[in-house]
Amino acid sequence: MAQRNTWQRERVREALADAPGFVSAQTLHATLRDANTGIGLATVYRALSGLAAQGDADTLHSPEGEALYRACESSGHHHHLICRSCGTAVEIAATDVEQWARQTAAAHGFTEAEHVVDIFGLCAACTAERAAAARARDAH
């Protein structure tokens, strides 16, 4: 069922576009609450769900199982590299993953297979920051 494009939904869309990386509905709601929008948490969840269903938002589950959202930067199927430390996310095409998914599904008699692949790690900046902190500890 299509959602109406209300001012609340548009404000959630704008806040999501302004958010750095993936954010939870609770984090987005806190941002909207701090801006005195009067938008409730249930409205944020509904808007995010609708944006994700329409392909206007990416959604994934954190390693802890929490649903996270981000404004889509590209259309079509893609994957993400996500920094566990700062939340930086990079959209990637993964041709090898696509081929593996099709072959694996076919080998087991599956058709119309879909998949979700998100890679969590540390971005270059966070890796460098941790290395510098480790060197500083070792120097003392």
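Descriptive notes on the structure:
Per-residue answers, yes or no, for (1) among the charged types (D, E, K, R); (2) out of contact with any Cys (no Cβ under 8 Å at 6 or more places or on another chain):
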position	(1), (2)
Ala25	no, yes
Gly55	no, no
Glu64	yes, yes
Ala71	no, yes
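- Enumeration of residues in segment 73-125 that are assigned to a loop (DSSP other than H, G, I, E, B), among the aliphatic types (A, V, I, L, M) and under 24 Å from Tyr45 (Cβ atoms): Val116
- The condition of being closer than 27 Å to Glu14 by Cα and basic (Lys, Arg) holds for only one of Arg102, Arg135, Arg84, that being Arg84.
- Within segment 69-110, the residues that satisfy the criterion of being in contact with a Leu (Cβ under 7 Å, 6 or more places away or on another chain) and open to solvent by 30 Å² or more (accessible area, probe 1.4 Å) are Arg84, Ser85, Val90, Ile92.
- Single condition Leu51 does not satisfy, out of (1) touching a Phe, Trp or Tyr at 6+ places or on another chain (Cβ under 9 Å); (2) more than 22 Å from Phe120 (Cα to Cα); (3) open to solvent by 30 Å² or more (accessible area, probe 1.4 Å): (3)
- Inside segment 1-29, residues that are outside any loop (DSSP other than H, G, I, E, B) and closer than 27 Å to His79 by Cα make up a count of 17.
- Candidate set: segment 30-72, residues that are of a type in the set (D, E, K, R) and outside any helix (DSSP H, G or I); chosen: the one farthest from Gln8 (Cα to Cα): Glu64
- Only a single item in (1) in contact with an Asp or Glu (Cβ under 7 Å, 6 or more places away or on another chain); (2) surrounded by 16 or more Cβ atoms within 10 Å (Cβ to Cβ) is not met by Phe22, and it is number (1).
- If you go through segment 58-82 and keep only what is in contact with a Gly (Cβ under 9 Å, 6 or more places away or on another chain) and within 15 Å of Gly21 (Cα to Cα), you end up with Leu68, Arg70, Cys72, Leu81, Ile82.
The values are calculated or read from the model by the stated rules, or taken from the named source; none is laboratory data. These figures come from a predicted structure and were not determined experimentally. Note that we place each Cβ from the backbone using ideal geometry, even for glycine, and neighbour counts take in every protein chain shown. We work out accessible area using only protein heavy atoms, side chains counted, and drop any ligands, DNA or RNA first. Shrake-Rupley method; radii C 1.70, N 1.55, O 1.52, S 1.80 Å.
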